[in-house]
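Computed from the coordinates by the stated procedures, all read-outs in this text should not be read as laboratory data. A quick note: this is a predicted structure, and the numbers were derived from the prediction, not measured. Because the Cβ atoms are built from the backbone with ideal geometry, glycine has one as well, and the counts that use them run over all protein chains shown.
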Amino acid sequence: MKPVALSRRRFLGATTAFTAGVSVVPAAVLGRAGETAPNSRLTLAFIGVGSQGLRVMLHFLQEPDVQAVAVCDAVESAANYHQWGRSEFANAVHRLLGVSSGWEWLSPNSPLLELTPTMRVPAGVCGREPARQIVDAWNAKRQGTSSSRGCASYADFRELLAREKDFDAVVVGTPDHLHAVVSLAAMRAGKHVFCQKPMTRTMHEARRLAAVAKETGVVTQVAVGPQASEDTRRLQEWVAAGVIGRVREVLNWSSRPFWPQGMPAPKDAPPVPAGLDWNLWLGPAAERPYHPAYLPFVWRGWVDFGCGALGDMGCYSFDTIYRVLQLAPPVAAQASTTHRYPESYPQASLIRLDFAARGDQPPVVLRWFDGGLRPERPADLDPGERLETEGLMFVGETGTILADFVGGRPRLIPAAKMKGFREPPKSLPRSPGNEREWLDAIKDRRKSTGANFVFSAGVTEALCLANLAVRTGERLGWDSTTGHLSGPATAQAGLNPPAREGWGV
């Protein structure tokens, strides 16, 4: 009888019952010099390796039990990506590889790229070819060789999933409009998925990803680091203990956008740069000519590609708010904004979201401010203290908690209330970190992830409903159970906008 080939993934699944009972492993099995043995590493493909995708890839590569096997991006290589500091990309790779030179080409630092009239950042190099070179160099360092050519590179994620069968998981770092179609295809292929925030761009996409995550049973996680933080758990414990009484109002403000918004679509059609597959980059979005106003990074301000300031930052803070107050999706939304264009989000907005009562907890009003707007100065704020440019405030029946934007440094106001304040005992399990949660849950299915697609779909509904209110200027009602939206036809159409043929979810 011809022997049956057994892939690494099938082997791991078949030996789960045996390995679960083994608690002592000889140190030699872990690899030379205490490193994780290559055969015990999780194999990852990185789809979307622009600025943020590169940052996330570099973070995962540092995990001892991770092996990158493939990268994918519609851009082969380009030198117009945004670095948050001079030589950011080159310095990050130098740190990873333990070298002091050799990767300066990743950070030309020129020209300075204008994001807003008052904000310019140095240019860097990203794309699938730079990402492949970094992975090969890292794999060579781990193997103790001078070079390695083991990392596959693709322009089309569908080709990657069709050809690369024997790997464990996908990290999605594409622009927002591709999150859903890439994540769904990966889950259908049996791959665990770590997806950049926001989880999706539309209500329909969020519900589909949650349903398919349940159906396939793969491990999912959204890149919402604050959900794993100590301060989020402290806030949960404070509010649950009644430190400020029952919470009826939350205020959250952001200095975003750091990119152009509030403008019409460009009319000219410059040539597509070499190395960019414009059709693949568009994905589900409607056909239109290439224009540098759309990418890289600046896609966030366009309705067909991004989710505006709220989608970029609210996914962090809303996650915290949902956990602290144990919220369900909102029942209504309304917004006031600067001038609206159909193609882009406004430069600034004020948003109100209404949440229903939960058990013995009252209804909650969540107020969002962006574009440099802030709430009124709270009466309890100490004289001489100012609200920072970004923040989060829980207003309870007996007190107020003021924190950083996503819940960091929580404190009672006025400051006198912190004197003698004793924090409630720690009652919630702590997290090893957002990325580590996901990796651990893949290796041990008894563990779970905090920002899994099922939980995050509820948070995403709030973001999507708020953005529909921003775009229409109308008060919208929402029934999450039935999926019914009350509001104008333009809002209804935004629940599940049409995708190009072959790109729907």
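What to note about this one:
- Basic side chains Lys and Arg get +1 at the Cβ, acidic Asp and Glu get -1 at the Cβ, and with that the dipole of region 379-441 about its Cα centre reaches some 340 debye.
- Overall Cα dimensions of region 245-371 - principal axes, largest extent first, Å: 60, 28, 22
- In this structure, the pairs whose alpha-carbon distance is over 26 Å, taken from Lys197/Lys447; Lys197/Lys443; Lys197/Lys267; Lys141/Lys447; Lys191/Lys426; Lys214/Lys426, are Lys197/Lys267; Lys141/Lys447; Lys191/Lys426; Lys214/Lys426.
- Charged-residue dipole, Cβ positions (Lys, Arg, Asp, Glu), the chain about Cα centre, Debye nearest 20: 1080
- Rg to Rh quotient for region 287-434, alpha carbon positions, Kirkwood Rh: 1.02
- Relative contact order (percent, whole number), region 124-271, Cα cutoff 8 Å, 6+ residue spacing: 14
- Acute angle (nearest 10 degrees) that the helix 453-472 long axis makes with the longest principal axis of the chain, alpha-carbon atoms: 50
- Working note: Cα gyration tensor of the chain, eigenvalues times five, square-rooted, sorted largest first, giving semi-axes of 37, 29, 24 Å.
- In the chain, taking the dipole from charged Cβ atoms about the Cα centre, the farthest positive-side position among Thr338, Val395, Ile134 is held by Ile134.
- Qualifying GluC sites (Glu not before Pro) in region 293-389, DSSP loop, other Cβ atoms within 10 Å at most 10: Glu376
- For region 310-349: rounded, prolate or oblate by the Cα gyration tensor [a/c cutoff 1.5]: prolate
- Sequence ranges 289-301, 258-270, ranked by mean other-Cβ count within 10 angstrom, highest first: 289-301, 258-270
- Computed about its Cα centre, the charge dipole of region 229-335 is approximately 300 debye, with only Lys, Arg, Asp and Glu carrying charge at their Cβ.
- Helices in the chain, meaning DSSP H runs of at least 4 residues, each add -39500 (n - 2.57). Divided by all residues, the mean residue ellipticity at 222 nm is -8500 deg cm²/dmol.
- Taking the C-alpha atoms only, the angle from helix 88-97 to the longest principal axis of the chain is near 50 degrees.
- Among 394-407, 347-360, the order from most to least packed when residues are scored by Cβ within 10 Å on average: 394-407, 347-360
- Evaluated at q = 0.22, 0.26 Å⁻¹: base-10 log I(q)/I(0), Debye formula over Cα of region 354-423: -1.12, -1.33
- Entry note, the chain: relative contact order of 17 percent, from Cα contacts under 8 Å with a spacing of 6+ residues.
- Dipole-positive endmost among Gln196, Ala240, Leu184 within region 173-243 (Cβ charges, Cα centre): Leu184
- In degrees, nearest ten, helix 128-143 long axis to first principal axis of the chain (Cα): 60
- Among the trypsin sites (Lys or Arg not before Pro) in region 129-168, those located in a DSSP loop and surrounded by at most 10 other Cβ atoms within 10 Å of their own Cβ are Arg149, Lys165.
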